[in-house]
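The values are calculated or read from the model by the stated rules, or taken from the named source; none is laboratory data. Remember, it's a predicted structure, so these values are computed and weren't measured experimentally. We place every Cβ from the backbone using ideal geometry, glycine too, and count neighbours over all the protein chains shown. For the accessible areas, the whole protein counts, side chains as well, though only heavy atoms, and no ligand, DNA or RNA atoms are used. Shrake-Rupley method; radii C 1.70, N 1.55, O 1.52, S 1.80 Å.
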Amino acid sequence: MSIRQSASSRQRVRNAIRHQPGTGIPAGELTMDRRFMEALLSWKGVRNIEKMDHMQMLIECSRLLRHDLVCLQSDPAESGGPDSSTRLSDISRAAGEGLFVFWVVDGAFQRTLHRHDFMALMKAIARRPDDVVGEMERSSVAVTLLIEQGLNHGAHGIIIADDIAYQRSTYISPAFGKRYLLPLWRQQVMAVKAHDIPVFFHSDGNLNSFLPIIVDAGFDGLQCIEPAAGMDIVTIRRSYGTRLCLMGNIDPSLLCDPDNCVVGKKGYQKLDRTLTDLITAVGGSGGLIVGSCSGLHAGMSPERVCHMYERVSQSKRA
């Protein structure tokens, strides 16, 4: 069955964001790198992979994994990659397949971080934060422009990716976040909601101290929720209820076989148990989109990934 035949995919995602159960739990990934997609397509016996462009691969892999959504990156992941205008045209291409399309835009903190040495930036934030914030404010203008471009080309949702954390904590204090980042996030969220479109926040790492600020900014959802970094999705659901739709959370280690991802059933019990616990604890009342917390990358087992999404698909039919 092609994706476009499943007219319920977009509605399933919308219902999850609105915490409206009854249409099944949607699924999708923040990113799938080319090497993983090639491995998946090869394992599935797809021919002429070398002739596929990135979007053909992404759409075909989304179909094989029974995804309801696709995330398109507004900023090229590698130098020499497609420019933003090329990626904008991909929005309608993915939407034409019946997928809910998230347009992913790097946030102001992340853009500033990319332009500086990490330690130098952290010292500047500690010693002269007002100087750094001026640069972040200018970056936020670019963020809003990219958001508007994505929405004007038909994106159904926005993910603002601001990697502010690592496994133990955040790079900046909640006080800095509340004073300087919160106003920028509110402006960006308002730009999205002016179009009546949902907007999610993404960051790896331990965000627990920042969750009240993320909610206060008006985000509709949170993507990643990295369990190895101390992000307990059940606790987050209890604390924030219907204020956040939760997307991701599956530990990538569960999607790799111990011996370099050789095909086999060993270890499926833990993956199955994790999925069952997640769907039972969080998915029953809506507000959950299942996926890995990391995206799908080279080294992951296509068989295990397919197994995971088959289990999620069964919940849609239940």
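Structure summary
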read-out: Relative packing of peptides 38-47, 278-287, 107-116 - highest average C-beta neighbours within 10 Å first; value: 107-116, 278-287, 38-47
read-out: Compactness of the chain, expressed as Rg and Dmax over alpha-carbon positions, Å; value: 19.0, 57
read-out: Principal-axis tilt of helix 54-64 within the chain, Cα atoms, nearest 10 degrees; value: 50
read-out: Simple label model, 7 Å out from Cα along Cβ direction - Asp251 to Val234, nm; value: 1.4
read-out: Net charge of Cβ neighbours under 11 Å - reference Ser62; Lys, Arg +1; Asp, Glu -1; value: -2
read-out: Considering only segment 55-188, percent of DSSP beta bridges that pair antiparallel, nearest 5; value: 10
read-out: Residues of segment 135-157 with amide N under 15 Å of a point placed 7 Å along Cα→Cβ from Ser89; value: 153
read-out: Length-normalised contact order of the chain in % [C-alpha pairs under 8 Å, at least 6 apart]; value: 24
read-out: Crossing angle, helix 84-95 versus the chain [Cα axis fit, 0-90 degrees, rounded to tens]; value: 40
read-out: Beta bridges by DSSP in the chain, antiparallel share as percent, to the nearest 5; value: 5
read-out: Carbon plus sulfur fraction of accessible area for segment 164-260, probe 1.4 Å, in percent; value: 49
read-out: Glu50-Asp216 pseudo-label distance in nm [points 7 Å out on the Cα-to-Cβ vector]; value: 5.6
read-out: Estimated distance in nm for a label pair at Lys270 and Phe118, the labels positioned 7 Å out from Cα along Cα-to-Cβ; value: 2.6
read-out: Length added when fully stretched, His19-Arg186, from 0.36 nm per residue minus Cα-Cα; value: 57.9 nm
read-out: Residue-averaged [θ]222 nm for the chain, counting only DSSP H segments that reach four residues, each worth -39500 (n - 2.57); value: -13500 deg cm²/dmol
